[in-house]
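The values are calculated or read from the model by the stated rules, or taken from the named source; none is laboratory data. Remember, predicted model here, so these are calculated numbers, not experimental data. Backbone-built Cβ (ideal geometry, glycine too); neighbour counts: all protein chains shown. Heavy atoms of the whole protein, side chains included, go into the accessibility calculation; ligands, DNA and RNA do not. Shrake-Rupley method; radii C 1.70, N 1.55, O 1.52, S 1.80 Å.
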Amino acid sequence: MRVGVLASGDGSNLQAILDRVHGRDGIEVVAVGSDKPRARALERARAAGITARAFEQSDRHARDAAMADWLAGAGVELVVLAGYMQLLDAAFLARFPRVINVHPALLPAFPGIGAVEQAVAHGVKVFGVTVHFVDEGVDTGPVIAQRALELPGVADAETVRAALRPIEHDLLCEVVLAIARGAVRIP
Ligand code: GRF
C-alpha cells in the first residue's frame, strides 16, 4: 500500500509512521507534502530518503489540485493527514477515497484547531485521540479508532498535549496497519 503523508508542523506523527509502519506489511511511504516549506516534517521525510515537497499556493484549490496530481503520480492509495492544518477540497477527496486524519480530542467533541485548549477550558477530565476518515468538514468524517486518557487533575494544555502525543503515534500507526490489512471498512 503506497502512502502519502501531509503535514504542516513538527512531524512527530510522520516520524512514528516512518519508524514503525514504513516498510512493514507492504506499506511504503512514498511522498510527504506540506503547505509549509519550513515544516520539520519535510526534513524528517528527506532524512528517511522519502520525496518531500512543499505546496505554497495561496489559493487552496490550486494547492489541492497540485498536491493531488503529485500524490496520484506517486501512486498513492492512502493519504494520511499528520498535523496537516488545512482543509482539503471536494476535488481532492474525490480522487482519494482513503484519507485519514489524527486529532487530539474525542470527536465529535472539540473539532478544529485548539482542540486541547478548548477541552481544558471546559474542565474536561477525560481527554483522548481520534483517527477518522476525512470529509469536507472540520474533523467531521467517520471515526475509525479512539483512545481515551483520564487526566482529572490537569489544567494546562501543554501537559495534556504531551500526554496525548504517544497515544496519537500508537493509534495512527495501528490504523494504518489495519487499513493495509483490509481490516477497516472504507465508507
Ligand atoms: C497533532 O497533535 C495532531 O493531532 C494534530 O496536529 C498535531 C501534529 O503533531 N492534528 P506532529 O506535527 O505530528 O508532531
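Across the range 70-187, C-alpha contacts under 8 Å between residues 6 or more apart give a mean separation that, scaled by the residue count, equals a relative contact order of 23 percent.
Among residues other than residue 169 whose Cβ falls under 14 Å from its Cβ, what is the net charge (Lys/Arg +1, Asp/Glu -1)? Around residue 169, the charge tally is 0. Averaged per residue, the chain has 45 square angstrom of accessible surface, using a 1.4 angstrom probe with ligands and nucleic acids left out. Top mean-square fluctuation among 44, 20, 98, Gaussian network model of the chain, C-alpha springs under 10 Å? Greatest mean-square fluctuation among the candidates belongs to 20. Amide H contacts of residue 77: 2, 3, 4, each under 5 Å away and 5 or more positions distant or on a separate chain (H built 1.01 Å from N in the peptide plane; Pro and chain starts excluded). In order along the range 155-170, the Karplus-derived 3J(HN,Hα) couplings, from 6.51 cos²θ - 1.76 cosθ + 1.60 at θ = phi - 60°, round to 10, 10, 5, 5, 5, 5, 4, 5, 6, 7, 4, x, 5, 4, 4, 4 Hz, and Gly and Pro are given as x.
Residue 143 exposes around 70 Å² of accessible area when a 1.4 Å probe is run over every protein chain in place. Amide H to amide H, with H built 1.01 Å from N, residue 9 comes under 5 Å of 41, counting only residues 5 or more places away or on other chains.
Comparing 48, 162, 31 in a Gaussian network model of the chain where C-alpha atoms under 10 Å apart are linked, the largest mean-square fluctuation is found at 162.
Rolling a 1.4 angstrom probe over the range 55-187 with all protein chains present gives an accessible area of which 56% lies on carbon and sulfur atoms. Shape class of the range 1-117 from the Cα gyration tensor (axes a ≥ b ≥ c, square roots of the eigenvalues): rounded, since a/c falls below 1.5.
Quick one: grab the alpha carbon gyration tensor of the range 30-90, order the square roots of its eigenvalues as a ≥ b ≥ c, and give me rounded if a/c is under 1.5, else prolate or oblate depending on whether a/b is larger than b/c. Note, shape of the range 30-90 comes out oblate. Only one residue of 5, 134, 81 has its Cα farthest out toward the positive end of the dipole of the chain, where Lys and Arg carry +1 and Asp and Glu -1 on Cβ, and that residue is 5.
Add -39500 (n - 2.57) for each DSSP H run of 4 or more in the chain, then divide by its residues: what number comes out at 222 nm, to the nearest 500 deg cm²/dmol? Please list the in-between numbers first.
Working: 6 runs with 68 residues, N = 187.
Helix-only estimate at 222 nm: -11000 deg cm²/dmol.
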